[in-house]
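As structure tokens, the structure follows; a few thoughts come after it.
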Amino acid sequence: MQFMVSVIDDGQAAAAGQTESASAAEAAAIDVFNERLQAEGHWVYAAGLADTSEAKVVDNRGEKSAITDGPFVESKEFIAGLWIWDALDLETALALAADGSKACNRKLEVRATHWA
């Protein structure tokens, strides 16, 4: 099964004047965790995302396409990155997510994918 794991940032780093979402220690812990995912065969893909101030929203459901600045929703929390994992089942993905949450010091949202 594949799972999309969203890294949820609550903006506390920015509020504390930190320019990067992850501290150097968090970045190092994430690297170690990513190496583990690769070694255990769970790694499919991972990426950090640009700041929400760089987001664009595209809506082409009507007669004219609309492109606006900013995130889709205004929120204190935002998705700062994502992983795609292969895992035997949800329980395995949740166990990995517990370790990933510890490594990146963020909440993670785990959702099964409908493609594979």
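The values are calculated or read from the model by the stated rules, or taken from the named source; none is laboratory data. All figures in this text were calculated on a predicted structure; none of them were measured in a lab. Cβ atoms come from the backbone with ideal geometry, glycine included; neighbour counts cover every protein chain shown.
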message: Out of 73, 58, I need the residue that is β-branched (Val, Ile, Thr), modelled with pLDDT under 95, loosely packed, with under 11 Cβ neighbours inside 10 Å and part of a loop (DSSP other than H, G, I, E, B). Which one?
response: 73
Within region 91-116, considering residues that are among the hydroxyl-bearing types (Ser, Thr, Tyr) and in a helix (DSSP H, G or I), the one nearest to residue 21 (Cα to Cα): 101
query: Within the set of pairs 6 or more residues apart or between chains, which connect a residue that is more than 15 Å from residue 100 (Cα to Cα) and polar (S, T, N, Q) inside region 12-39 to a residue that is part of a helix (DSSP H, G or I) and modelled with pLDDT of 65 or more with Cβ atoms less than 9 Å apart?
result: 18/12
- prompt: residue 84: surrounded by 12 or more Cβ atoms within 10 Å (Cβ to Cβ) and either without any contact (Cβ under 8 Å) to a residue 24 or more places away in the chain or within 13 Å of the chain's Cα centre (by Cα) (or both), yes or no?
  reply: yes
- request: Take residue 80 and decide whether it is touching a Ser or Thr at 6+ places or on another chain (Cβ under 7 Å) and not hydroxyl-bearing (Ser, Thr, Tyr).
  value: yes
query: How many residues, within region 51-81, are touching a Phe, Trp or Tyr at 6+ places or on another chain (Cβ under 8 Å) and not β-branched (Val, Ile, Thr)?
result: 2
query: Which residues, taken from region 61-70, are assigned to a loop (DSSP other than H, G, I, E, B) and either over 21 Å from the mean Cα position of the chain (by Cα) or within 30 Å of residue 41 (Cα to Cα) (or both)?
result: 61, 62, 63, 64, 65
- request: Filter region 76-90 down to the residues that are part of a strand (DSSP E or B), of a type in the set (A, V, I, L, M) and modelled with pLDDT of 95 or more, then identify the one that is nearest to residue 106 (Cα to Cα).
  value: 82
